[in-house]
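The values are calculated or read from the model by the stated rules, or taken from the named source; none is laboratory data. As the structure is a prediction and not an experimental result, all values here were calculated from the model. Here Cβ is always computed from backbone atoms with ideal geometry, including for glycine, and neighbour counts include all displayed protein chains.
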Amino acid sequence: MPATSALSALFFLSAVSLAVAGQTPLNQRAQLAHERLAQQYLREQRPDLAIPELKKIVALDPNSVEACANLGVLLFFRGEYADAVPQLQTAIKIQANLWKVRSLLGLAEEHTAGLADASKDLEASFPMIEERSSGLKWDWI
């Protein structure tokens, strides 16, 4: 899949995400600023600029499913499988029903010699993707 078509089809950062409880207002503002920049770079199909912004969001909020999943997806499509795996795993831990993210996790694990985990994740995700895919636009959540 060409990178540009993958980029245009897969991102799901919300326009405004809820700040994590316990964050200071300064951290909340910083997170929102990074989210806006990441969204802008994703719209412009600039993963090279979006990745650092997503890393900053994850540093501020390690439980941001959107940031972890998007970062993992971008890293996967750049061929940085070892870096993608922990981000995709975190997204799945937070929200287990992200079947397309889980399928990418399985493919990334396969590239990093995690064959047992790859098999488990691919076997779990593929039937769910087939069930939900009829007539739906390809999105990651």
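Scanning the stretch 53-67 for residues that are in contact with a Leu (Cβ under 7 Å, 6 or more places away or on another chain) and over 15 Å from PRO86 (Cβ atoms) returns GLU53, GLU66. Scan the stretch 81-102 for residues that are in a loop (DSSP other than H, G, I, E, B) and not small (Gly, Ala, Ser) and the total you get is 3.
Listed here are the residues, each with its yes/no results for (1) in contact with a Lys or Arg (Cβ under 9 Å, 6 or more places away or on another chain); (2) crowded, with 22+ Cβ neighbours inside 10 Å; (3) under 24 Å from GLN31 (Cβ atoms); (4) touching a residue at least 40 places away in the same chain (Cβ under 8 Å).
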residue	(1), (2), (3), (4)
ALA67	yes, yes, yes, yes
LEU71	yes, yes, yes, no
GLY79	no, no, no, no
LEU88	yes, yes, yes, no
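With the structure loaded, tell me whether LEU75 is modelled with pLDDT of 95 or more, of a type in the set (A, V, I, L, M, F, W, C) and surrounded by fewer than 18 Cβ atoms within 10 Å (Cβ to Cβ) or whether it fails that test. So LEU75 does not fit the description; no. Looking across the stretch 103-140, the residues that are assigned to a loop (DSSP other than H, G, I, E, B) and either modelled with pLDDT of 80 or more or surrounded by 15 or more Cβ atoms within 10 Å (Cβ to Cβ) (or both) come down to THR112, GLY114, TRP140. The number of residues in the stretch 61-80 that are in a helix (DSSP H, G or I) and of a type outside the set (Phe, Trp, Tyr) comes to 11. Scanning the stretch 44-60 for residues that are closer than 15 Å to VAL73 by Cα, in a helix (DSSP H, G or I) and not aliphatic (A, V, I, L, M) yields PRO47, ASP48, PRO52, GLU53, LYS55. Residue-level check: of (1) in a helix (DSSP H, G or I); (2) modelled with pLDDT under 95, SER14 misses just (1).
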